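Below is one structure, written out as structure tokens, with a few remarks after it.
Please treat every number below as a calculation from the coordinates, not as lab data. These figures come from a predicted structure and were not determined experimentally. All Cβ positions, even for glycine, are placed from backbone atoms using ideal geometry, and neighbour counts span all protein chains on display.
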């Protein structure tokens, strides 16, 4: 029969049979193989590229939709300036990575907003505290210049010198406050010996008796900063105490607990937090002339928090004020 140009695969093999050795020939057409090869070639040249393009388009749409919240977050953050810290990035629904990223960004913006507000209030308060003594000094000098015959240069010089000394203390407090917000360089500090040094330095000028009950305690921290913390607590207690100030130090649940107690008028429970705010003075216990700039306890709390600790007023204490600082051992 005609083969019509068909191709075959032929195999011949000599076999032994009843009539002797014979040659067996088997042939099979290659049409099915060639048709499969053509179909496979067409798939690779046409179908696969089309499917690849369709898959790429699908991925483009899916990835674009998935990254759309990220682009919204980026655009919002880019548009937030120094005066728009109250704005927040949009949070997509769900609890996937993008939603958690948005919540983290909003938390960061909230912390930045609070820090910026604190900085603005601090600058405004500092400017006010600096302006007041400068205004008094200028007034005294202008009065002396306007009335040279009736002026008392010695009194003016003494008054101006006192104002300058107050300004110097204020500037030192502001620098200490700025340093307390910076990173500390921890080292082993024998807190009991540090308290003894601070007390011995304060005793000659103290108007009250200072007593100590100290257990040996060592903490990790910055010695000058901790010295400032203890000194501020002691200065506050001596200023408001009547006859006696007591400092106690002990180890309590992996914390060093330093308590400074005085027998003065005490701190009302309603003011227990406000006394640690910057430039805070309680009336009539504290005045501008008698109570400093109102930064001592704010600096003490900033130092304690920089060391991972805390400081608070013991509102249950009766008969004076008791301030307790806790620092991790």
Problem set entry | For the chain, convex hull of alpha carbons as volume per residue, Å³ | 337
Exercise. Gap in Å between the Cα centre of segment 222-278 and the Cα centre of segment 66-87?
Worked result: 44
Exercise. Rg and Dmax of segment 185-328 over Cα atoms: what are they, in angstrom?
Worked result: 14.1, 40
For this session: Neighbouring Cβ atoms within 10 Å as the yardstick, rank 208, 135 fewest first.
Result: 135, 208
For this session: Measure out, as a whole number of angstrom, how far apart the alpha-carbon centroids of segment 50-65 and segment 91-141 sit.
Result: 46
Seminar exercise, completed: Checking rank on 194-204, 218-228, 56-66, with mean other Cβ inside 10 Å and highest first, the result is 218-228, 194-204, 56-66
For this session: For residue 83 and residue 112, calculate 0.36 nm times their separation in residues minus their Cα-Cα distance, and state this gained length in nm to one decimal.
Result: 9.3 nm
Problem set entry | Debye log10 I(q)/I(0) for segment 97-179, one point scatterer per Cα, at q = 0.14, 0.15 Å⁻¹ | -0.66, -0.71
Exercise. For the chain, what is the calculated [θ] at 222 nm in deg cm²/dmol (nearest 500), taking -39500 (n - 2.57) for each run of four or more DSSP H residues and dividing by its residue count?
Worked result: -17500 deg cm²/dmol
For this session: Give me Rg over Rh for segment 147-253, both radii from the alpha carbons and Rh done the Kirkwood way, two decimal places.
Result: 1.13
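At a 10 angstrom cut-off on C-beta neighbours, averaged per residue, how do the peptides 33-45, 118-130 rank from highest to lowest? Spell out each step's value before the answer.
On the way: 33-45: 10.6, 118-130: 13.5.
Going by the mean number of other Cβ atoms within 10 Å, highest first, we get 118-130, 33-45.
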For this session: List 242, 159 from most exposed to least, where exposure is judged by having the fewest other Cβ atoms within 10 Å.
Result: 242, 159
For this session: Rank these for me by crowding, 329, 73, 267, going from fewest to most other beta carbons within 10 Å.
Result: 329, 73, 267
For this session: At q = 0.09, 0.13, 0.18 Å⁻¹, what is the base-10 log of I(q)/I(0) for segment 32-166 according to the Debye formula with one equal point scatterer per Cα and no solvent? Please give it to two decimals.
Result: -0.64, -0.80, -1.02
Seminar exercise, completed: Here, residue 135 and residue 271, labelled 7 Å along Cα→Cβ, have an inter-label distance in nm of 2.3
